[in-house]
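What follows is a single structure, written as structure tokens, with notes after it.
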Amino acid sequence: MLKEAISYSIADESVRIVQVTDPHLFADPEAQLLGVNTSKSLAAVLNTIRAVNYPAHLMLATGDLSQDYSPESYRQFVSAVAPLNLPCHYLPGNHDDPRIMFLHMQGERVFGQQRILVGKWQILMLDSTVRGKPGGHMGESQFELIEQAIAAHPEHHTLLVMHHNPILVNCAWLDQHCMDNGAEFLRRVAQYPQVKGLLWGHVHQQLDTHYDGPHRALQLMATPSTCIQFKPQSPYFALDGLQPGYRLLELKADGSISTNVYRVPGNLFSPDKDSSGY
């Protein structure tokens with residue numbers, strides 16, 4: 001049975017979104033991940049978003065909100081995003097515990113529902129996680145959700161949002177942990193003319209490309225982490241010196257998507273590049 005969507009009525013033609021992903025928070029706000037204090041790096045990203053003053057309608061948080069599965073890490077995230085005064089919709093990543101996440105991601109404007117209707121768009125927050133594994137898989141229940149949601153609102157453009165990358169990013173070590181049925185996923189969702197784009201996190205780096213579907217090219221977008229960054233096109237585990245980042249999107253009434261990635265200015269955060277893994 002298709003669950004009810006959260007609906008927003010907006011006066012604007014376009015839907016404006018802020019995406020943050022992979023903050024990897026700890027119960028201890030002073031804890032570090034590979035030399036970066038993840039609480040402070042998330043705060044720096046959120047401060048940058050506030051300074052830009054982008055007139056967003058929604059925030060999407062696309063997984064790995066916690067690094068240690070702790071209730072405190074999820075409550076810390078809720079407190080951190082509250083000053084933006086935006087509805088925040090989240091989904092789990094491979095470092096999250098969905099049960100603990102659901103119990104402690106609680107706030108007046110914090111939501112874990114999978115369907116969002118806003119303007120001329122439907123946003124589907126998909127679960128690509130596999131319990132106990134770093135890699136992902138898109139289960140049949142999620143394909144059913146996509147089919148039923150589009151059938152319920154065929155007039156809406158659709159953005160599919162998830163944690164894992166459905167395509168390889170040419171990092172040999174990282175591509176071991178991609179969505180294992182990503183090619184099938186792309187082929188199946190591209191059959192729907194309503195689907196205009198796919199958005200994810202997980203890879204801790206920016207990627208903007210496309211997939212040639214039978215109706216049109218789908219935009220494919222990966223977004224940097226709010227903490228450490230993985231070096232692109234590296235055959236082995238390697239960290240990048242780029243600063244934490246986030247993505248802004250404008251979903252237009254004609255079904256097109258305008259988007260850019262932005263990063264914290266300066267050089268505030270320096271990861272331990274001698275690390276061999278996380």
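Before moving on, here are some points about what is shown:
- Filter result for Leu198 (buried (at least 17 other Cβ atoms within 10 Å of the Cβ), among the aliphatic types (A, V, I, L, M) and modelled with pLDDT under 95): no
- Any hit, region 18-29, residues being in contact with a Leu (Cβ under 7 Å, 6 or more places away or on another chain) and open to solvent by 10 Å² or more (accessible area, probe 1.4 Å): no
- For region 236-278, filtering for residues that are open to solvent by 40 Å² or more (accessible area, probe 1.4 Å), among the hydrophobic types (A, V, I, L, M, F, W, C) and either touching a strand residue (DSSP E or B) at 6+ places or on another chain (Cβ under 9 Å) or closer than 24 Å to Leu60 by Cα (or both) leaves 1.
- If you go through region 201-235 and keep only what is open to solvent by less than 10 Å² (accessible area, probe 1.4 Å), of a type in the set (A, V, I, L, M, F, W, C) and more than 15 Å from Tyr262 (Cβ to Cβ), you end up with Val203, Leu218, Leu220, Cys227, Ile228, Phe230.
- Scanning region 142-155 for residues being surrounded by 13 or more Cβ atoms within 10 Å (Cβ to Cβ) and either out of contact with any Phe, Trp or Tyr (no Cβ under 6 Å at 6 or more places or on another chain) or within 7 Å of Leu124 (Cβ to Cβ) (or both) gives a total of 9.
The values are calculated or read from the model by the stated rules, or taken from the named source; none is laboratory data. Model, not experiment: these values are computed from the prediction. Glycine also receives a Cβ, built like all others from the backbone with ideal geometry; neighbour counts cover every protein chain displayed. Side chains included, ligands, DNA and RNA excluded: accessible areas come from the protein's heavy atoms. Shrake-Rupley method; radii C 1.70, N 1.55, O 1.52, S 1.80 Å.
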